Amino acid sequence: MLDPELLERITARLAELDELEEQLAKHLVEVRAERDELAIAERVLERMTGQLAEERASAGPVPGQVGGRAVMLIPHRESGVEEDSLPRDYQRIITAVRQAAGPVMAREVGEVVGGGRQREGQAGTTTQQAGQTRRPRLAAQTAGRPVHYPPVTGSTATRSGPARA
């Protein structure tokens, strides 16, 4: 004859295992669904990465407009890109800066590269004789002297307020 206590223990354990099997089956379905989603995401990522690589490879340097002149824009910085990929003018600027003994001003680089010529009468240039700037108001301001403006007449007053005296 079977022991009733032992039979009760076996029945309880079977119920526990049935519950555990149900939980594991539910968990297994969730795991499989997540794996399927990840596999799809991986395929989409590979496809998009390939498309982006093709677009980057087909897009060459595009000239831009600066001051009405067509100029080559500096390419985006990427690892493994050499200076040779820069436009020739930029390479000349880099060479000029490297040849300088220390810090270098943009005007000096322009003179070396060939674009730093100052024109006569250019605002802020100095005269050889007097050593004064061609803009006397600016010179007076920088020297700490008061600047005398011509009086403003009623005909030159602005609409926003009365004329200055």
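Tabulated data
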read-out	value
Residue list for the stretch 97-110, restricted to those being open to solvent by 100 Å² or more (accessible area, probe 1.4 Å) and assigned to a helix (DSSP H, G or I)	Arg98, Gln99, Arg107
The one condition in (1) outside any strand (DSSP E or B); (2) surrounded by fewer than 10 Cβ atoms within 10 Å (Cβ to Cβ); (3) aliphatic (A, V, I, L, M); (4) at pLDDT below 85 that Ala70 fails to fulfil	(1)
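The values are calculated or read from the model by the stated rules, or taken from the named source; none is laboratory data. Note that the coordinates shown come from a computational prediction; the quantities given were computed from them, not determined experimentally. No Cβ is skipped: glycine too gets one built from the backbone with ideal geometry, and neighbour counts run over all protein chains shown. Each accessible area value is taken on the protein alone, full model and side chains, heavy atoms only, with ligands, DNA and RNA left out. Shrake-Rupley method; radii C 1.70, N 1.55, O 1.52, S 1.80 Å.
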